[in-house]
Amino acid sequence: MDRHALHQPSSSSSIPATANTVWADASSLLEAACKDLRDGELIHGENFNLYAAMSALEIMDPKMDSGIVNRYCSFDEAIEDGVAPVPISSDKTTDVQCMIDIMDYLLTCEATWHKGHSLAQTVFSCAYLLRPERTSSHALLHSYCKVIRATCKAVITVVSDARTHEEEDLFTMAYGLPLSGDGDEKCLSLLNAVEENISRQLRACKAPSSKRKPLEDIEPLQTNSDLEEGYCKALLCRLRFRKHFFHVLTCMRRPQGRGLELARKHIASCISELGIILKSAEFLMSNAYGTCEDGTEDRTTASGHQAIGFDASLNSRISAPTPPRSIKILSWKKAIEYFEKLLHDLDIICSYPLDPSLEVLLRFVAQFQKAQPDLVARAHLQLLLVQDGKLYGRCPMFSLIIRAARLPEVFLHHDIQKNEYVVQLGQLVINMLKILCTNAAWQRRKLGKILQDWRVIYVQIELAFRKEFGEGSSVSNGENASARILKHILIWVEEQTYWISHRFLVLGFELELYSPSEYCMVYWYLYVVLIRLAEKTHLKMTVSDGSAKQKGKKRKDSPKDLARDTRIPPAILFLQCQICLAEGLTLLHAALRNELMVLQSPSPFNSEHERFIQHFELLQKACIPDHISYPSFKESTSCARFSTLVMYNYFKDAQNIAKEVRSGFSNDPDRLAELRVLEQVAEHNSIALNVICQVGALDPSLKVSFEFIHHPCFATVVVKRS
Amino acid sequence: MEEEMEISSSTQATESSSSDIVSRARKLLFRRMLVGIKDGRFFLGSFHCIDKQGNIILQDAVEYRNTHRSSPSPMEQRCLGLILIPSSCRTSCHVDCSIEEQLSLLKFQ
């Protein structure tokens, strides 16, 4: 009893009590005390707070305790147990097979990481990566590990520099992971040496034995001569893919987009090597040793065999106190698909001609985002667009603004660029460009927030303009350059504000934020915003044309010139087409509600007015547009009737405009494609409208729905008999 | 009179479990406690709370573990903050105290 009482915990030598105290066994006392407690009673101090206690980490709960001793107490113990042997196998063929499996699994881990999981659980679950010194005796493994680490580091740097990864914040977490191994920058030279060696081995095995010169008699890759060619090729395509991928990353990071052309060549090589990697699967699967994973579609390596040396729990203690959520590593096939898409997206970025026009740039970014590129591609785009506070690292924001406002180039060096509001405006443009490179959800939220900033800067510039130049709105030729610049800038700022609002509304469709009963108000608001956008864009064009004309020599305007002047530019007509579509959809939806009592807002929780405020609060706060509110919406739509709709068919108008403006975009395949789609939507909706008008009121079995089968924003009205 | 006293003492018992044993356990609050668990780890922290089932909460806890299963081996440690150790996984529980106190704790063996 005494001995038991004086028993110190075995760890007491390393966990000493203080100098004058000892560890005393309290378990019996506590057990007795617990017996005396009533149900639900706690022993606690005065500072105890049950709510705070709820946040305690529960030991031995796998979701909360990342230190549970599983198989190994530590990394060293795991290594001693043979988790990651070097060499992987004493048999050279097995060693090569395992090496390929490791390469494949690292690829799937990398793709999983890119998709939004932590580095520690994915790529760095590989024990070989965690201690760089261990692999130095195995040239292939060593060089491959180096290039993986260097690649991960490069990708993390890109995403960190872009600093828009807040929603994917797991991505850059690399605490305690050996990302900068010694000499990793020289990884490519090592890789090249290994590649060269294997190429020689490949040549040697392909050459008929009679022709083999003694000089070329090098040691084969592995022991089975029948499989030598297959394994050499399988290794080579994987090594080459890594080499080219690393080059893509370094080329794309070169300042001012100088490396984009070269990057494209490496991207092409990557894609071709990926194709060869895919083809190698057949050979690898048929020669795999041991048992294969169930289900060849889900396999994480080409051969189907599980890779050696991976254990995510080995570095779990390096991470935060709580364990990360469990993740599923992608399949090998899906990983290859991911990289194919990534390379494709990067290629689009690299082929962008770095146009100094903001208009062209905004269209490019919007088009690029339609393909839903992932984080890595988007980060690269952002870093290309905004470097050192300049566009592409070379165009100052002021010059971008001058061109966007359609001012002549002579103003590019005007002193007004030092004006505090103009400088601020430049910052707003940079911020907007960065936001446009983020994912749709984040983007929409941020775009909504910056609307207020754009409104404020408009007001500030307008006040400054009025203070200095009075109320006169005449833009006299060369009289006062500052006045002219500010005037143009004001118009452009309004246009840009409406452009942002338009994008904000449209992204809501992509994110499925609107319920069908709300389409009426959404299309109505879109209609209102589009009208203003068209107004401001047209104003900007006519004001700049007007000033340009005044500068020209005085001559009699020929009828041709007059005709040209009165013709509406294609860009405006494009907007006009969308305006008609939006108006048509608004009134059709309203008429369905008013006459057929369908598509009502059924929610007992909030009224239509409340929903209106919820959706458009940010726009309303920024007064975009002015004097537009829920009552104006009600006014515009409460009288919508099919009888009036059929008389003035907005969809027919949209169709006609779309046809007419096609010639104006002959050089722009993207816009032509969109026009075609808008025309389709208009045509379908026009027919649907006629059907409803003729049959609707009489036939209660008619079901009308709004489907996004052609265009992601403008719905196609589908009429069915239920 | 005696009846009254009896009643008042019983009400006192139901209001707060102020048994002698529980009071002594209460004295251990905020003291450094070393709890060992089934997988071989130890947790050192301030004794914050215990419930009837014997689940213990430690504050400012540090986790100690051997780097190799077979002791002796150097220990790694990690700060965890506020933790709850379920009684089901607890294998030992020691409190930091003076030699005199240890003797009094002995009475409960």
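Here are some notes:
- Which listed residue, of A:Q655, A:Q694, is out of contact with any strand residue (DSSP E or B) (no Cβ under 8 Å at 6 or more places or on another chain), of a type in the set (S, T, N, Q) and surrounded by 22 or more Cβ atoms within 10 Å (Cβ to Cβ): A:Q655
- Which listed residue, of A:L599, A:L581, is surrounded by 13 or more Cβ atoms within 10 Å (Cβ to Cβ), at pLDDT 95 or above and of a type outside the set (F, W, Y): A:L581
- Leading residue by the ranking (surrounded by the most Cβ atoms within 10 Å (Cβ to Cβ)) among those in segment B:54-70 that are at the interface with chain A (Cβ under 7 Å from one of its Cβ atoms) and more than 12 Å from A:I15 (Cβ to Cβ): B:I57
- In segment B:27-46 there is at least one residue matching the filter, namely being at pLDDT below 90 and facing chain A (nearest Cβ under 7 Å).
- When the test is whether a residue is at pLDDT below 75, out of contact with any Cys (no Cβ under 7 Å at 6 or more places or on another chain) and closer than 19 Å to B:S87 by Cβ, A:P9 passes it.
- In segment A:680-691, the residues that are closer than 21 Å to A:E518 by Cα, in contact with a strand residue (DSSP E or B) (Cβ under 6 Å, 6 or more places away or on another chain) and of a type in the set (A, V, I, L, M, F, W, C): A:V681, A:A688
- Being free of Cβ contacts under 8 Å to residues at least 24 places away in the same chain, farther than 30 Å from A:F75 by Cβ, surrounded by fewer than 18 Cβ atoms within 10 Å (Cβ to Cβ) and not polar (S, T, N, Q) is a property that B:E100 has.
- For segment A:32-45, the condition of being more than 7 Å from every other protein chain (Cβ to nearest Cβ), at pLDDT 90 or above and surrounded by 11 or more Cβ atoms within 10 Å (Cβ to Cβ) holds for at least one residue.
- Residues of segment A:46-57 that are within 7 Å of chain B (Cβ to nearest Cβ) and surrounded by fewer than 16 Cβ atoms within 10 Å (Cβ to Cβ): A:F48, A:S55.
- Taking (1) at pLDDT below 95; (2) under 26 Å from A:V528 (Cβ atoms); (3) touching a Lys or Arg at 6+ places or on another chain (Cβ under 9 Å) in turn, A:S501 satisfies each apart from (1).
- For A:F364, the test of being farther than 30 Å from A:F246 by Cβ and not aliphatic (A, V, I, L, M) is failed.
- Residue within segment A:61-73 that is more than 7 Å from chain B (Cβ to nearest Cβ) and of a type in the set (S, T, Y) present: yes
- Look at (1) modelled with pLDDT of 90 or more; (2) closer than 21 Å to A:D65 by Cβ; (3) more than 7 Å from chain A (Cβ to nearest Cβ) and you find that B:I83 fails only one, number (3).
- Considering residues of segment A:180-210 that are at pLDDT 80 or above and touching a Pro at 6+ places or on another chain (Cβ under 8 Å) only, the residue nearest to A:S225 (Cα to Cα): A:C205
- Condition check for A:T135: away from every other protein chain (no Cβ under 14 Å) and either touching an Asp or Glu at 6+ places or on another chain (Cβ under 8 Å) or over 30 Å from B:S73 (Cα atoms) (or both): no
- Cross-chain or 6+ apart pairs with Cβ under 7 Å, segment A:447-470 first and outside the structural domain of A:A622 (by TED's automatic domain parsing), then of a type in the set (D, E) and surrounded by 14 or more Cβ atoms within 10 Å (Cβ to Cβ): A:Y458/A:E494
- Listing of helices (runs of 4 or more DSSP H) fully contained in segment A:355-425 that carry 3 or more residues being within 17 Å of A:V493 (Cβ to Cβ): A:358-370, A:397-404
- Cβ-Cβ contacts under 9 Å between residues 6 or more apart (or on different chains), taken from a first residue in segment A:638-653 that is outside the structural domain of A:N685 (by TED's automatic domain parsing) to a second residue that is crowded, with 19+ Cβ neighbours inside 10 Å and not in a helix (DSSP H, G or I), are absent.
- Test for A:E409: is it closer than 22 Å to A:L451 by Cβ and among the charged types (D, E, K, R): no
- Verdict on A:A263 being under 23 Å from A:K341 (Cα atoms), more than 25 Å from the chain's Cα centre (by Cα) and among the small types (G, A, S): no
The values are calculated or read from the model by the stated rules, or taken from the named source; none is laboratory data. All values reported here derive from a predicted model rather than from experimental measurement. Positions of Cβ are generated from backbone atoms using ideal geometry, with glycine treated the same way; all protein chains shown enter the neighbour counts.
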